[in-house]
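Working notes, beginning with the structure itself.
The values are calculated or read from the model by the stated rules, or taken from the named source; none is laboratory data. Because the structure is predicted, anything quoted here is derived from the model rather than measured. Backbone-built Cβ (ideal geometry, glycine too); neighbour counts: all protein chains shown.
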Amino acid sequence: MYSTSKKAVLLVVDDEINFHKMLKFAFQGKYEIVSAQDMSTVAPLVKQKMVDLILLDLKLKKDTDFHAGLKRIVGLKKDYPNIPLLIVTNNGKTETIVTAMKNGADDFLYKGDFDRIKWQSKFEKHLKPLYLERENERLETQKAQLEATVNSLNSNHPFLGRSEKILKIKEELSFVATAEKNTTVLITGETGVGKEVAARYLHARGIRSHQPFVAVNLSTIQSTLVESTLFGHQKGAFTDAKSDRKGFFHQAEGGILFLDEIGDISLGMQVKLLRFIQDKTFRIVGSEKDITLDVQIVAATNKDLKKAIEEGTFRADFYQRLKVFPVHIPPLRKRREDIPEMIAHFMQIDESDLEKQVEKNTLYKLIHYRWEGNVRELKNTIEYMTIRKRLKKKEVLDLECLPDEIVQSPKPENFSNAESKFGALAHRERLALVDLQSIERTLQECLDRKGLAAAKLNTNADGLRYKVKKYYSNYPYLFEELDHIKRAYNI
Amino acid sequence: MENGSPQSAKTKVMIIVWKWKELTDRMDLVYVEGTESDEERHKVIRVNMTDSEKVKMLLLDLADQYKESDVFIFLHRSHPHNFTDDFIEDLTSIVLDRQQENQLIKNKFKCFLIGGGQDYIYFCTKEEGILDEVGYFMDDPEYELMVKDEFGKEKKLQEGVAVVTRKFHRLEVKRVYFNQVWYYYSTEFKKKLEALHIDLMSHLVDLENSNGSANLRSKDILAKLEQEEQQADSKLLRIRIRSLLNVYDLHEMDLLPINQYELREEEKDKLIKKEKESKNSYLMDDCAVYLSASRQAEQQYKKLSRYLKKMFVVPTNGQLQEQSLIELRRINQLFRSLIMSVK
Amino acid sequence: MEKDIIYFFGNNEVMIKKLSAYFNKRNYTLKKYDLNQLDSVHYLLLIEPYSIQGNYFDIHRIFRNYFEKESSRHSKLKLLVAGFDTGCDCRNYLNLLDMPSNIDAFLLRAGVIREPWKIRPSNGDLIAQLDKFFMGHHRVSLFQRLNYLQFGITNIKDAIEGNIEGQNHETAWLNAADILRTEMDSFTNRWRNYSIYFECCPFHQPMKEVQKLMGHLRSYIFEQSDQSVFERYDCPRVVADIRKELVKMQEYVQY
């Protein structure tokens, strides 16, 4: 079978329900089997399911003669000349098959000769041209995507994170990227959470991926120059305008203009941007002519815009237009499970090697630090630690490599919250923690009597001791709050 | 449905008529299992009615109501006030005439005489029918039947035998039993004629003297038949032939005295006894009535009947003796033609 | 092969007695032909009609089809038919109402199985019944029933062998159980309704074999639906063998 991400869709037209059932079972995982028990449902199914091959029982029960089946072949071939049509018969009579083939059937199968491999190879024979076509399409798309990625992701900032929150955001961004090319997106989140990275993620997956991605940090531009920087200016429009200059809107034509720190612009500028979002038109500074450009706006801010509206520094109508598709990226401390992946990425190592490269307690500290500067701070910290490691000639990143503020940092606010703690742990650690918490509870119930606790846990005192010690040697950081265990086993 | 009996889209209706004076007049309709609408469903209608005229009116009404269906009527034979041949012939003729008027001649309409628990319609005859010995639907939870399965293993039917089942508080006849009975009766007359034909020819043929025209005198044939009747494994050929004869053939009534070939009560009893022993149906009276009324077979039947009557004519003078020369090949031919014409 | 033995097949006891006496008188022995052996013989006399449950059938065509297909073993066979069709003038037909004046000459003149002789039908044809057995009343053929047994059994086999992703004997059995039980019942019902006709067929013996195979399949489907039973009986092989035998037999059921 040719490799293809989408399973070929086989439409089975037969009034014998059992035939559908048997085929679905036999070819599960290989093909998507779609059922039609009469001809009335064929057309909608072909359209809806993008059918790749049709299997037609030559004789349906209501047929009075063989000609009804032949008519169906002719009709199907007329309507769907490019879809292979295979005839299925209950008898293997040569004359039946020959007549069916003469009337346009591409091939035949005899139900009495059912052999999964044989049938599959017959399907494959007729699906081969389709697969080749699909493979070509796939390669074309891949090529285009690669080009788009190179084009748009010249920065090495992938949108990291596998937490449920980030996966949901990725899913939403992918959706908006492909669904509506003109939807304005507002990305909110604390400084350093990766708002631009998210915007680039959206760009790379969208229909504008072949077009430019232009990022502008509005807080870094002098307020008086924001308009000309964005819209461009004509020679002489203002004192320093010595020549015509195109703005970022022109640069982003056909693509995405990412306006970071949108909360920092003046009310006047907000009106002009609002006009663009509504009508897709603007005026170059110094010109009286309206210009229409196809640019998608993705804005971002770390400010509370609702509060800004209340304070009168942000227009409510502009805000409404901006947040057509709002995306909020949570701070890193709210999604600590993403941290190991990020550390590995910034260290340029494989995540599976993380435990070898970072000492456990250090990793624990990194996972549970506050990270008020979010991903950006984490990235800087790892770069710092990597340098320290080199200087100190260490094999692994350990506590000595950590910046002082992390070493001395208080316990994270949610440390006692098992949910939160749990999320950041690897699978084996999670199991260990669950087990240890159970031991902790049992010891508490048994007033720290180890023998009794062991019995309650269906083991003996030695077995329980061995287990606890083993856990401690592997995951010492899990014991921080397990006071009964620590007391009972002198940890 | 895999029951080995022929199926057609046409609805089949069985009407079973009893004349029990002890019971009140009533009629009930029982559907046969199936997924079709009630109208299209096969049916069994049970009637108890003592007045023959009322029965006839009812049956004509039912025949009219089910004129698009195939209808088999089963009339109780052994009651003291049983249905006469006239009754059956009259009923059959009227219905067949109506069918012809309405161009429904492909529809089946047949009357059968049943009784005594020895006909196929009774379950006890071959363990395939639908009625118990007193005429109710076979539905006996205590009935212990040893049957052989398809692999020859003998097994006990623990659950008893029920040819009916209850669906949503409604009695339904199991399709398999209905179909078996229908299939049997759809060819019953033909089968009886074939059996009589082959039994008769096999008995009468003389291989040593059968080259060319094997003519036998009627008295010799009668002697052979009487001899056969004495044998332990007798098939009662003489009585069976008499039960087939068209007694009231107006054309011949003047020529031959009825009492020479009319089936007598003791002969009928003998035949019925034989039927019970052999579990075969031998009595041809209902068949004869049907053949008399049948548009397709009537003429062939009359020809055969007239020829067979010659066997029972006691020769009194030379002229009659001459008339009573019987050719086996002629009997054979007449039987074959009649069988071919029976639907 | 003795030339003075005439084998017969029929169930009209009266005629068997008469024919036996007739042939004895002419120095021939009439001997019953054993359908389980199907020996190569010189003369096989079919006594028609053959009665099955009160119905009368011609059986010569099914015998002729069979011997024609198997002619290498029966090349010298003269298939004779005795009956009451006085209009039949075929040289292999023994007209019981017009016996030949010289039986030796009749036997000599009769054609061997491959020669062109034809007996006209005079009773119901057994082939019509057997055709119904294979093709069904609603044209739902016996093979159609077998097809669904094969689908179910093949899926179970593939699941056991790990050819169907994530499936095993249990799941495959659950998926196919209803279909297998329904189809097996239909198949068996049809078999039971028609098996009476096999008794007078020359392929009576292989039919018994098929019946045995059906018993194996039924054991798995209705009694012990375990993988071990499936494997012990080699159910896929059983289905294939049943089909092979039935296909062969259907070849004899031709008009």
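Could you grab the pairs with beta carbons closer than 6 Å, sequence gap of 6+ or different chains, first residue in segment C:228-244 and of a type in the set (Lys, Arg), second one part of a helix (DSSP H, G or I)?
Close Cβ pairs (under 6 Å, with a partner that is part of a helix (DSSP H, G or I)) amount to C:243/C:146.
Out of A:38, A:63, A:52, I need the residue that is over 22 Å from residue C:152 (Cβ atoms), among the charged types (D, E, K, R) and within 11 Å of chain C (Cβ to nearest Cβ). Which one?
A:63
Can you give me the number of residues within segment A:271-306 that are within 16 Å of residue A:256 (Cβ to Cβ) and surrounded by fewer than 13 Cβ atoms within 10 Å (Cβ to Cβ)?
Matching residues across segment A:271-306 total 0.
Which residue, of A:12, A:46, is buried (at least 18 other Cβ atoms within 10 Å of the Cβ), farther than 25 Å from residue C:175 by Cα and touching a Phe, Trp or Tyr at 6+ places or on another chain (Cβ under 8 Å)?
After applying the criteria, what remains is A:46.
Considering only helices (runs of 4 or more DSSP H) fully contained in segment B:163-233, which possess at least 3 residues that are within 14 Å of chain C (Cβ to nearest Cβ) and more than 21 Å from the chain's Cα centre (by Cα)?
Fully inside segment B:163-233 and qualifying: B:188-204, B:218-230.
Taking the conditions exactly as written (assigned to a helix (DSSP H, G or I), at the interface with another protein chain (Cβ under 8 Å from one of its Cβ atoms) and closer than 30 Å to residue C:60 by Cα), does residue C:188 satisfy them or not?
yes
Any residue that is within 11 Å of chain B (Cβ to nearest Cβ), part of a helix (DSSP H, G or I) and within 28 Å of residue C:248 (Cα to Cα) - is there at least one of those in segment C:155-173?
Taking every residue of segment C:155-173 in turn, none turns out to be within 11 Å of chain B (Cβ to nearest Cβ), part of a helix (DSSP H, G or I) and within 28 Å of residue C:248 (Cα to Cα).
A quick yes/no check of all residues on (1) surrounded by fewer than 22 Cβ atoms within 10 Å (Cβ to Cβ); (2) not aromatic (Phe, Trp, Tyr):
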residue: A:187; (1), (2): no, yes
residue: A:193; (1), (2): no, yes
residue: A:198; (1), (2): no, yes
residue: A:201; (1), (2): yes, no
residue: A:213; (1), (2): no, no
residue: A:221; (1), (2): yes, yes
residue: A:227; (1), (2): no, yes
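Look at residue A:394 and say whether it is more than 30 Å from residue A:266 (Cβ to Cβ) and surrounded by 14 or more Cβ atoms within 10 Å (Cβ to Cβ).
In short, yes.
Restricting attention to segment A:425-476, which residues are within 40 Å of the chain's Cα centre (by Cα), assigned to a helix (DSSP H, G or I) and buried (at least 17 other Cβ atoms within 10 Å of the Cβ)?
A:429, A:432, A:433, A:436, A:439, A:440, A:467, A:468, A:471, A:472
Just to be sure before I move on: is residue C:50 modelled with pLDDT of 95 or more and crowded, with 19+ Cβ neighbours inside 10 Å in the structure I sent?
The answer is yes for residue C:50.
Counting just the residues of segment A:397-414 that are in a helix (DSSP H, G or I) and crowded, with 16+ Cβ neighbours inside 10 Å, which one comes out modelled with the lowest pLDDT?
A:406
Within segment C:53-76, count every residue that is surrounded by fewer than 19 Cβ atoms within 10 Å (Cβ to Cβ) and over 19 Å from residue C:39 (Cβ atoms).
Going through segment C:53-76 one residue at a time, the tally reaches 2.
Kindly list, by first and then second residue, each pair from a residue in segment C:130-153 that is more than 8 Å from every other protein chain (Cβ to nearest Cβ) to a residue that is surrounded by fewer than 22 Cβ atoms within 10 Å (Cβ to Cβ) and not in a helix (DSSP H, G or I), limited to pairs with Cβ atoms under 7 Å and residues at least 6 apart or on different chains.
C:134/C:141; C:135/C:141; C:142/C:136
State whether the residues of segment B:7-28 include one that is within 14 Å of chain C (Cβ to nearest Cβ), touching a helix residue (DSSP H, G or I) at 6+ places or on another chain (Cβ under 8 Å), modelled with pLDDT under 90 and closer than 23 Å to residue C:189 by Cα.
yes
Limited to segment A:333-354, what total is found for residues that are without any contact (Cβ under 8 Å) to a residue 60 or more places away in the chain and of a type in the set (Asp, Glu)?
Residues meeting the conditions: 3.
Given the conditions (1) surrounded by fewer than 21 Cβ atoms within 10 Å (Cβ to Cβ); (2) at the interface with chain A (Cβ under 10 Å from one of its Cβ atoms); (3) of a type in the set (Gly, Ala, Ser); (4) in contact (Cβ under 8 Å) with a residue 24 or more places away in the chain, which single one is not true for residue C:176?
Failed condition: (1).
Given the condition in contact with a Gly (Cβ under 6 Å, 6 or more places away or on another chain), at pLDDT 90 or above and outside any loop (DSSP other than H, G, I, E, B), answer yes or no: does some residue in segment A:85-98 qualify?
no
With the checklist (1) surrounded by fewer than 20 Cβ atoms within 10 Å (Cβ to Cβ); (2) within 8 Å of another protein chain (Cβ to nearest Cβ); (3) touching a strand residue (DSSP E or B) at 6+ places or on another chain (Cβ under 6 Å) in hand, flag the one item residue C:123 doesn't pass.
Result: residue C:123 passes all but (1).
State all residues of segment B:279-309 that are assigned to a helix (DSSP H, G or I) and either at pLDDT below 80 or aliphatic (A, V, I, L, M) (or both); if no residue qualifies, say none.
Answer for segment B:279-309, where residues must be assigned to a helix (DSSP H, G or I) and either at pLDDT below 80 or aliphatic (A, V, I, L, M) (or both): B:288, B:289, B:291, B:293, B:304, B:308.
Would you pick out the residues in segment C:214-239 that are surrounded by fewer than 15 Cβ atoms within 10 Å (Cβ to Cβ) and assigned to a helix (DSSP H, G or I)?
C:222, C:223, C:228, C:231, C:232, C:237
Within segment A:307-333, work out how many residues are crowded, with 17+ Cβ neighbours inside 10 Å and assigned to a helix (DSSP H, G or I).
7
Quick check on segment A:83-129: of everything there that is in contact with a helix residue (DSSP H, G or I) (Cβ under 8 Å, 6 or more places away or on another chain) and basic (Lys, Arg), which residue is surrounded by the fewest Cβ atoms within 10 Å (Cβ to Cβ)?
Of everything passing the filter in segment A:83-129, A:116 is surrounded by the fewest Cβ atoms within 10 Å (Cβ to Cβ).
So residue C:79 passes all but one of these: (1) in contact with a Leu (Cβ under 8 Å, 6 or more places away or on another chain); (2) buried (at least 16 other Cβ atoms within 10 Å of the Cβ); (3) under 27 Å from residue B:215 (Cα atoms). Which condition number does it fail?
(3)
Going by what's in this entry, would residue B:321 be described as away from chain C (no Cβ under 14 Å), surrounded by fewer than 17 Cβ atoms within 10 Å (Cβ to Cβ), modelled with pLDDT under 85 and not in a helix (DSSP H, G or I)?
no
So which residues in segment C:198-245 are within 14 Å of chain B (Cβ to nearest Cβ), closer than 14 Å to residue C:146 by Cα and not hydrophobic (A, V, I, L, M, F, W, C), if there are any at all?
Matches in segment C:198-245: C:211, C:218.
Can you find, within segment A:477-491, the residue that is surrounded by the fewest Cβ atoms within 10 Å (Cβ to Cβ) among those that are within 15 Å of residue A:441 (Cβ to Cβ) and modelled with pLDDT of 85 or more?
A:487
State all residues of segment A:355-372 that are within 24 Å of the chain's Cα centre (by Cα) and at pLDDT below 85; if no residue qualifies, say none.
Those that are within 24 Å of the chain's Cα centre (by Cα) and at pLDDT below 85: none in segment A:355-372.
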